[in-house]
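The values are calculated or read from the model by the stated rules, or taken from the named source; none is laboratory data. Just so it is clear, the structure is predicted and the values come from calculations on it, not from any experiment. As a convention, Cβ positions derive from the backbone with ideal geometry for all residues, glycine included, and neighbour counts pool all protein chains shown. Just so you know, the surface numbers come from the protein's heavy atoms only, side chains and all, with ligands and any DNA or RNA stripped out. Shrake-Rupley method; radii C 1.70, N 1.55, O 1.52, S 1.80 Å.
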Amino acid sequence: SFDIISHRASFKTTCRSSSNQHHPWTSLMMSKEDEPSSSSSSTTTTTKTHSKRSQRKAAQRATKELKQRQSTGNKATSQHPEAILKRQRKKSPNHRRRHNFAERAQFLQEKENQNDEFDASLDGLRENQLTNINIHPVENSKGENGGGGGTAQVHPLHSMAVDKLEVSSTSADDVVQAIKRAQNLHDVHDIREIAHFLLEDCDISFAYGYRGSLLSRLAVASLHMNNYAIAERCITERRISHRSSMLPMESSAIVRGLLRCHHIEEAWEVLEDELHLPLDGWVDFDASSFDDDELHLEEEAIRRQLEIRDMLVHRARSIGSIASRQFYEEEPTLGMAAIGKLKEMAGIVKESGLTAEELGMPWERFVRGAALCEGKRRDGKWDDNRDNANGDGEGEDPSQWPCNIVYTVLDAMISFPPENKDVTFEALCNALVRRTVFVTGAVDMDGCPEADRGEVAFIGRSNVGKSSLVNMLTNRKSLAFTSKTPGKTQQSNYFAVNDKPELARQIRYGDDVPGSKDRDSFYIVDLPGFGFAKVPQQQRQQWSDFMDEYLLERETLRVVFHLIDARHGPTDEDAKIMHKVGTIMRNTDKKQNNAKYVIILTKADKNVKGATSEKNPGKVAESVRDKLVDTMTANGVGYAPIVVTSAETRLGRDEVWKYLRLAAES
């Protein structure tokens, strides 16, 4: 056995020696374990075997490593680590910026340094021309493509795609591409050269009349870089030479750019000049009144309608941008003035038939901005008793503000087409209802709390949805107790809204809690239900007497909401309530308040299959509506407004809050 093992070891050594002659690089990968043992007397010597494939792979790796070591100085080798890093840098997002500025800018700098004195004088001359607001067009012979006559100037750019601008060879697409690149990379040099080209070399016929749109793009790009001098020249030239081709979208973009640079007065000037309201009667035309030979007039009227609708959309959005910026910059007076402008155009917006989706108004942002200012107001930033001529309150007069600045946004939002978005209403409720607490339950006038704030009362038959409506309006899940069993509310429950903090601890434990109620605090009163509640007749009569006395003698009562089921319409009990309220409202000699009576139709979602908050939130049948109107007229309350609501789909919550404001402001 010893002879056989020795023979095999010597045979493997011979084979490896012969193979090394054909593969000179294989010896680099051989380990010490692969070499034959020097001690031939060991009987336990073992050798690690390698297949031909593994030997071939080892030879290839060794050859590859040797070639890499030999090509260390060659930077162009594709597999060299530095070459790999170079390719990775080229693929980085900043490659375009580095390419434009590192190579092209260096080339242009070397070219400009050839005549520094001439370049300095020329730049100063051009800068003076750009900052001069008065336009003095040069009358000269027209060149090719609508350019000026004489020697055509070439305007070099840093861009590799559009490296120069000249009237004879530059198209409108080239100018647009150059403006976009300069705006994205904040290239001041290119913006200046593009301004020279459009304002000095090109006339109104450049690019088939597209020069006005190019000027608007250049104005927006200049404002993006806080260069108001170029932007003002572009806006002025656009008004004088291209007024007929101005687009509302371009004017809206210029307004937003001016706001970004804090030029508020200039933004209002552009808005009123380029996005003005149309004249009255612009939609009053009858298509059937046109004859066959006057069809072009009908088409022109329709085209004019579409143009004005587009102008209304961009005007509303531009005013919204101004209001939002003023609120978030803590200038509530200017913000409320802008919201007032929105409310003024609400009538013509509804007349045009625009929907909430087409307008796209960011009401949520307006509400949050107004709530921010209201929070600063509660913290004492604009104290009513402080001299507004000093400090941070300069220019602000809180005495002229509403009890809550958010109510200004609410008025404008109600006047516009409804959108019924949960996110917007959640922000609205968080701003208007910051704290709620159950105060007391009263069964007679002596049990009512002190009349130190406005009140709103909810009345209606049992199981009509009073408690659900209160929870929806306050954005609370269990403020008022809800039940499917009629008659659960058997007393007048008082809920304080926006009272002083820690009021609940004071009510429960009797602790003396410091602080005072907010200026927009009010009471929500949930009166007992009537109808088929299983209560004794004596208790029903007690409820009726208390309600008569409450409606007549409660001085701080501002709104009475009468809830009626939208599925069935008014019942006999509802008719009695209407008659009672109508009698009290007409009895001005004994009445001690100025309460407003409002009809609310609840559970409107039950009349629609698959009702949602945004699509088909609810409706009322025509027969139910006609029955309601007849009953109201017969009982002397035909003047009362009607609001359709649903606690499930949140329908009508904005309209109800319009009347809740009456209690908050008292």
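Quick notes on this structure:
- Solvent-accessible area of H276 with every protein chain in place, 1.4 Å probe, in Å² to the nearest 10: 80
- Residue-span extension gain [E426 to I240] - 0.36 nm each, minus C-alpha spacing: 62.3 nm
- Normalising the average separation of contacting C-alpha pairs (under 8 angstrom, six or more residues apart) by the number of residues puts the relative contact order of segment 195-239 at 35 percent.
- For T633, solvent-accessible area (1.4 Å; no DNA, RNA or ligand), Å²: 90
- Candidate residues D526, D173, D422: accessible-area rank, largest first, probe 1.4 Å: D173, D422, D526
- Loop GluC sites (Glu not before Pro), segment 629-666, which have at most 16 other Cβ atoms in a 10 Å radius of their Cβ (DSSP): E665
- Extension gain, R586-K180: 0.36 nm per intervening residue step, less the Cα-Cα distance, totals 139.3 nm.
- Accessible area in square angstrom per residue, segment 192-270, 1.4 angstrom probe: 38
- Rounded to the nearest 10 Å², the accessible area of E300 at probe 1.4 Å: 90
- Out-of-range pairs (alpha-carbon distance over 24 Å; input K580/K606; K517/K591; K580/K619; K576/K596; K421/K658): K580/K606; K517/K591; K580/K619
- Between the beta carbons of D397 and E200, assuming R0 = 60 Å, the FRET efficiency works out to 0.80 to the nearest 0.05.
- Magnitude of the charge dipole, segment 559-625, Cβ model with Lys/Arg +1 and Asp/Glu -1, debye to 20: 100
- Maximal additional length on extending the N226-K376 stretch stands at 51.0 nm, based on 0.36 nm per residue less the C-alpha distance.
- For Q491, residues with placed amide H under 5 Å, excluding near neighbours: none
- Simple Cβ-charge dipole of segment 578-666, Lys/Arg +1 and Asp/Glu -1, about Cα centre, in debye nearest 20: 160
- FRET E, pair R435, N594, Förster distance 35 Å, beta-carbon r, rounded to 0.05: 0.85
- Applying 1/(1 + (r/R0)^6) with R0 = 30 Å to the Cβ-Cβ distance of A301 and K615 gives a FRET efficiency near 0.40.
- Residue by residue, segment 629-640 carries 3J(HN,Hα) couplings of 5, 5, 5, 5, 5, 5, 9, x, 10, x, 7, 5 Hz when phi is fed to the Karplus relation 6.51 cos²θ - 1.76 cosθ + 1.60 (θ = phi - 60°); x denotes Gly or Pro.
- Integer Hz, Karplus 6.51/-1.76/1.60 couplings in order for segment 646-663, x for Gly and Pro: 7, 6, 7, 9, 6, 6, x, 5, 5, 5, 5, 5, 4, 8, 5, 4, 4, 6
- Accessible-area rank, largest first, for R434, R315: R434, R315, with all protein chains present and a 1.4 angstrom probe.
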